[in-house]
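See structure below.
The values are calculated or read from the model by the stated rules, or taken from the named source; none is laboratory data. The shown structure was predicted, so the numbers you read here are calculated from the model rather than taken from an experiment. Ideal geometry is used to build each Cβ from the backbone, glycine not excepted, and the neighbour counts take in all protein chains shown. Only protein heavy atoms, including side chains, enter the accessible area calculation; ligands, DNA and RNA are left aside. Shrake-Rupley method; radii C 1.70, N 1.55, O 1.52, S 1.80 Å.
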Amino acid sequence: MALYSDLPVYKASYDLVIAIFQFSKNFKREYKYTLGESLKKETLDLLMLIYRANVRYDKLEVIQKAREQIEMIRLMIRILKEMREISLHQFVAVNIIIEEVSKQLSGWQKSIK
């Protein structure tokens, strides 16, 4: 078992958490404490799921939950873009990280099956 902090999917997810925490500081009040907090919680939960998947013997269920989590994050980011709370540049940058995490989770799931 590799250390969770050495996993590329963990590193990418960690980068996602940092990016979201950085740009959520600038949300309008009505979004900061609703969508912003939910988004931060979802990304932190994703990081925890990756850790749990790494330490468990039966990883498949946890990886599936992580894949669902990344899709929820993707949806919230899209809503923020539509509400003009994040710029196009931020949207693209975060979606690149999201896509990287999604592909790595998918590959991890396939390797276990």
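Within the range 11-39, which residues are closer than 20 Å to Leu88 by Cα and among the polar types (S, T, N, Q)?
Gln22, Ser24, Asn26
Cβ-Cβ below 7 Å, separation at least six or inter-chain, first residue in the range 66-88 and free of Cβ contacts under 8 Å to residues at least 24 places away in the same chain, second surrounded by fewer than 22 Cβ atoms within 10 Å (Cβ to Cβ): which pairs?
Lys81/Phe91
Quick one: which residue in Tyr31, Tyr51, Tyr57 is in contact with a helix residue (DSSP H, G or I) (Cβ under 6 Å, 6 or more places away or on another chain) and either closer than 19 Å to Leu7 by Cα or in contact (Cβ under 8 Å) with a residue 40 or more places away in the chain (or both)?
Among Tyr31, Tyr51, Tyr57, only Tyr51 is in contact with a helix residue (DSSP H, G or I) (Cβ under 6 Å, 6 or more places away or on another chain) and either closer than 19 Å to Leu7 by Cα or in contact (Cβ under 8 Å) with a residue 40 or more places away in the chain (or both).
Can you report the number of residues in the range 56-113 which are buried (at least 19 other Cβ atoms within 10 Å of the Cβ) and outside any helix (DSSP H, G or I)?
Qualifying residue count, the range 56-113: 2.
Take the range 15-37 and flag every residue that is over 19 Å from Ile97 (Cα atoms), open to solvent by 50 Å² or more (accessible area, probe 1.4 Å) and in a helix (DSSP H, G or I).
Once the filter is applied, which keeps residues that are over 19 Å from Ile97 (Cα atoms), open to solvent by 50 Å² or more (accessible area, probe 1.4 Å) and in a helix (DSSP H, G or I), the range 15-37 yields Arg29, Glu30, Lys32, Tyr33, Thr34, Glu37.
Identify all residues within the range 50-59 that are of a type in the set (A, V, I, L, M) and closer than 13 Å to Gln104 by Cβ; write none if there are none.
Matches in the range 50-59: Ile50, Ala53.
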